[in-house]
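Okay, so here's the structure we're looking at.
The values are calculated or read from the model by the stated rules, or taken from the named source; none is laboratory data. Note that the coordinates shown come from a computational prediction; the quantities given were computed from them, not determined experimentally. When we count neighbours, we look across all protein chains shown, and the Cβ atoms used for this are built from the backbone with ideal geometry, even at glycine. With ligands, DNA and RNA removed, areas are computed over all heavy atoms of the protein, side chains included. Shrake-Rupley method; radii C 1.70, N 1.55, O 1.52, S 1.80 Å.
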Number of protein chains: 2
Amino acid sequence: MIAGSAGSFVLRATDGAARRGTLSLAHGEVETPAFMPVGTAATVKGLTPDDLRAFDTRIILANTYHLWMRPGRETIEALGGLHAFMSWDRNILTDSGGFQVFSLESRRELSENGVRFRSHLDGSQHEFTPENVVAFQEALGVDVAMALDVCVKLPAAQAELDEAVRLTSGWAARCAAARTRPQTQLFGIVQGGLDERARERSARDLVALDLPGYAIGGLSVGESREELARMSRFSAALLPPGKPRYLMGVGTLPDLFNAIDGGVDLFDCVYPTRCGRNGRALTRAGDLNLDNAQFVRDARPLDETCGCAVCANYTRAYLSHLFRAREMLGPRLLSYHNLAFLAQAMAEARAAISEGRWSGFRDRTEGFASTGGPEPAG
Amino acid sequence: MIAGSAGSFVLRATDGAARRGTLSLAHGEVETPAFMPVGTAATVKGLTPDDLRAFDTRIILANTYHLWMRPGRETIEALGGLHAFMSWDRNILTDSGGFQVFSLESRRELSENGVRFRSHLDGSQHEFTPENVVAFQEALGVDVAMALDVCVKLPAAQAELDEAVRLTSGWAARCAAARTRPQTQLFGIVQGGLDERARERSARDLVALDLPGYAIGGLSVGESREELARMSRFSAALLPPGKPRYLMGVGTLPDLFNAIDGGVDLFDCVYPTRCGRNGRALTRAGDLNLDNAQFVRDARPLDETCGCAVCANYTRAYLSHLFRAREMLGPRLLSYHNLAFLAQAMAEARAAISEGRWSGFRDRTEGFASTGGPEPAG
């Protein structure tokens, strides 16, 4: 076991529970609060690293489960690690694969040692253990690795929640003991569903491991917006102020602002890119569905206040044409805009916290707060 | 009727029948020989105008039939014309829609006046006439408009070829008479299949109209590579040296080089972008199929000699991963490379002609000549 050492988190300002920080990782600094674009299969769908840098993305997320299956550890190692493989020179966080494996339901078998499952691609059998998911993420050379956790679908019986917390705590300790690479920071994941006692127990167990960062998992899995806000705030308050806090799988602007208000620093979600592929544009005036006939001759940009390259160059009319004609430039441009738009919202939130005007900013952004309807499929 | 006047073509050098020219159009100069990327529905599939400018694209092609159907003339006019609609500030050539309509076969009805057909989108009835396709293209504000022609599927009966030439000549004269916009250059289209007498008659009729440019149509529709080369050379020689010559629907590097050798200046084809969407990379060593297992850990760029941004940043291994994972970044990056690669080949051809070493260049490019297998579907 080695101490996690390449990273540090500096809290620059607080405003209520909201925090403005800087997370230093092996591939540069991440200003928080920050939204991490999701690049499941070693690509943020439709976008290049240049695109991501254009709106100052400092860290993206990739997926242990998917990369384990395809192209596999040996291939990524042979190509020089995940950064070189995908030509991305900034930070990468990989989730542990736990969430994906527990989504497989009937295909998986849980034990004290780990979780056995069958690949969704070819049915082949695999096992994730705390040790092998850390080894995998270290082999990829990522900047932040997530501990293996047990993610429970809500609503869940008390016994199931308690068992998930017990296993997650034990696995986190084994993950911590398995570390060999100082440049890869290990984050633990707080579980416990909507049960405060279980959340407290989970956080206490993980904090005792003195990890360099903590995630809040097991949320954004079907509970209400209010339950999500309440439980992320409750969980954040259980974590040490000097470590970064990452709410997994969030998301929409109102959920992001609620969680920032509760003291969360980092986020990831497929929402902006999935919406981008499905013709849904994030704007200050709420989400726009480009399939709607009202946009056919609308010469305005998606959002008049947005500074992104898509809003500088294209009209709603043209973008809606691309979706009607099923042209792949549509998903590409809309994914870019949605991520750039969220990046700008995060930059504005950081400025508001730094300048002690967070609560005013949060309350004024009613346009922001009207976004985030039900997520489109696909 | 007005004289076509905004364009001029200057022949800078010849080497054998091969020509090096500059075509001046309303949105800038086009150095020839040039390949025009195809943007059927007001988008070169997957790419932005910035992408196209990165490899110095001076002119793209769009499609009258598709834009007529969707989004339609009124929408494009309301958005300020096709250039503004798609945010492209360089030249656009639109084909007349004849080729698409004649591909509809059972859905179309030919008359002296024009061609009636049903939309592939909703079955609605439309008619293209020489006058209304010119009016449509002028309304779009394009730089080059194509005359309405009758494109015959090969092999064809002599009577059918002769009738197609007769109608095409009459329609070209009506197109010329219908012109109202000096910034839009009208090109006529030589038809006649593989019949030299019909080609001669077609070229003579069109040349008599003194149009600013001429296309060679009705080829690349199933004939052999040798027949294509022979007939494009034969047709080019029938056209006035001081006007640009455009071979429609070509294509692969060997076909491009053969046609340049026969005196052709301009080309368009979906081949590079369709290949790009299907995992086929154009390289100096021939086409690569990225589905092939040999590329899984291949750390080389697609083409070691290619100066494009994709070859500078990504390996064959990563690109083949993107196609295996069905990630849309794959089609985007490969379409970019394929078009950039063709643009470089055209720039090299121009330099070779200018410097009087065309025949040596043509004969040395055996790597180039090995490309261009059967076109992938889709």
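In whole angstrom, note down how far apart the Cα centers of region A:245-278 and region A:17-32 are.
16 Å
Antiparallel DSSP bridges in the protein assembly as shown: what percent, to the nearest 5? Don't skip to the answer; put the middle values down first.
Values: 44 of 90 bridges.
Looking only at bridges with both residues in the protein assembly as shown, the antiparallel portion is about 50 percent.
What is the dipole size for region B:227-356, taken about its Cα centre, with +1 at each Lys and Arg Cβ and -1 at each Asp and Glu Cβ, in debye to the nearest 20? Display every interim value, and only then the final one.
Details: 15 positive and 13 negative charges, 67 e Å.
Computed charge dipole of region B:227-356: roughly 320 debye.
What distance in nm separates the simple spin-label points at A:Asn289 and A:Thr75, each placed 7 Å from Cα in the Cβ direction?
With each label placed 7 Å out from Cα toward Cβ, I get 3.7 nm.
Which whole-number percentage describes the relative contact order of chain B, with Cα contacts under 8 Å and a sequence gap of 6 or more?
On the way: 779 pairs, mean separation 67.7, N = 378.
Relative contact order, chain B: 18 percent.
Please report, for B:Asp210, the nm distances (one decimal) from its label point, 7 Å out from Cα along the beta-carbon direction, to the equivalent points in the remaining copies, shortest first.
9.2
With +1 on each Lys and Arg Cβ and -1 on each Asp and Glu Cβ, and nothing else charged, work out how big the dipole of the protein assembly as shown is about its Cα centre, in Debye to the nearest 20.
Working: 82 positive and 90 negative charges, 51 e Å.
It comes to approximately 240 debye.
Under 18 Å between alpha carbons, and skipping anything fewer than 8 positions from A:Lys45 in its own chain: which lysines qualify?
Reachable lysines: B:Lys45.
For chain A, what is the largest minus smallest coordinate of the Cα atoms on each principal axis, given in angstrom and ordered from greatest to least?
Rounded to whole Å, the extents work out to 59, 47, 40 Å.
Compute for chains A and B the buried accessible surface, both sides summed, probe 1.4 Å, and express it in Å² to the nearest 100. The partial results should precede the final answer.
Details: alone 15080 and 15060 Å², together 26920 Å².
In total, chains A and B hide about 3200 Å² from solvent.
Sorting check: for B:292-305, A:198-211, which peptide has the highest mean count of neighbouring beta carbons within 10 Å, and how do the rest follow?
Values: B:292-305: 15.9, A:198-211: 19.7.
Highest mean packing first, the order is A:198-211, B:292-305.
Based on DSSP H runs of at least 4 residues, each adding -39500 (n - 2.57), what is the mean residue ellipticity at 222 nm of the protein assembly as shown after dividing by all its residues, to the nearest 500 deg cm²/dmol? Provide the component values of the computation, followed by the final result.
Details: 32 runs with 306 residues, N = 756.
Theoretical 222 nm ellipticity from helices: -11500 deg cm²/dmol.
Considering only protein heavy atoms, with the full assembly of protein chains and a 1.4 angstrom probe, order A:Lys153, A:Lys45 by accessible area, largest first. Before the final figure, lay out each step's value.
On the way: A:Lys153 140, A:Lys45 60 Å².
Largest to smallest exposure gives the sequence A:Lys153, A:Lys45.
What order do you get for B:93-101, B:237-245 when each peptide is scored by the mean count of other beta carbon atoms within 10 Å, highest first? Please report the intermediate quantities before stating the final value.
Values: B:93-101: 25.7, B:237-245: 18.8.
With the highest mean Cβ count within 10 Å placed first, the list reads B:93-101, B:237-245.
For the protein assembly as shown, give the percent of accessible area contributed by carbon and sulfur heavy atoms, probe 1.4 Å, rounded to a whole number. Don't skip to the answer; put the middle values down first.
On the way: 13040 of 26920 Å².
Roughly 48 percent of what the probe reaches on the protein assembly as shown is carbon or sulfur.
So with the 1.4 Å probe, I'd like the accessible area per residue for the protein assembly as shown, rounded to whole Å².
Numbers: 26920 Å² over 756 residues.
Accessible area per residue, the protein assembly as shown: 36 Å².
Shortest first and in nm with one decimal, please list how far the A:Arg70 label point sits from its counterparts in the other copies (point 7 Å along Cα→Cβ).
Nearest first, the other copies' label points are 2.8 nm away.
Among B:Thr315, B:Asn289, B:Thr252, whose Cα lies farthest out toward the positive end of the dipole of region B:247-378, if unit charges sit on the beta carbon of Lys, Arg (+1) and Asp, Glu (-1)?
Selected residue: B:Thr315.
Sort by residue number and name the cysteines in chain B that have no neighbouring cysteine Cβ under 4.7 Å.
So, B:Cys151, B:Cys175, B:Cys269, B:Cys275, B:Cys308.
Nm distances between the label at B:Ser359 and the same-position labels in the remaining copies, 7 Å along Cα→Cβ, shortest first?
8.7
Comparing the chain by itself with all protein chains present, which residues of region A:301-331 are at least 50 Å² less accessible (probe 1.4 Å)?
A:Tyr314, A:Tyr318, A:His321, A:Glu327, A:Met328, A:Leu329
Just name one of A:Ala173, B:Gly81, A:Leu228: the one whose Cα is farthest towards the positive end of the charge dipole of the protein assembly as shown (beta-carbon charges, Lys/Arg +1, Asp/Glu -1).
Final value for the positive-end residue is B:Gly81.
Just to confirm a number: summing +1 for Lys and Arg and -1 for Asp and Glu over residues other than B:Leu25 whose beta-carbon lies under 10 angstrom from that of B:Leu25, what do you get? Spell out each step's value before the answer.
On the way: positive: B:Arg58, B:Arg90; negative: B:Glu29, B:Asp143.
For residues surrounding B:Leu25, the net value is 0.
Under unit Cβ charges (Lys, Arg +1; Asp, Glu -1), what dipole magnitude, rounded to 20 debye, does region A:67-183 have relative to its Cα centre? Don't skip to the answer; put the middle values down first.
Working: 12 positive and 16 negative charges, 21 e Å.
Computed about the Cα centre, the dipole is about 100 debye.
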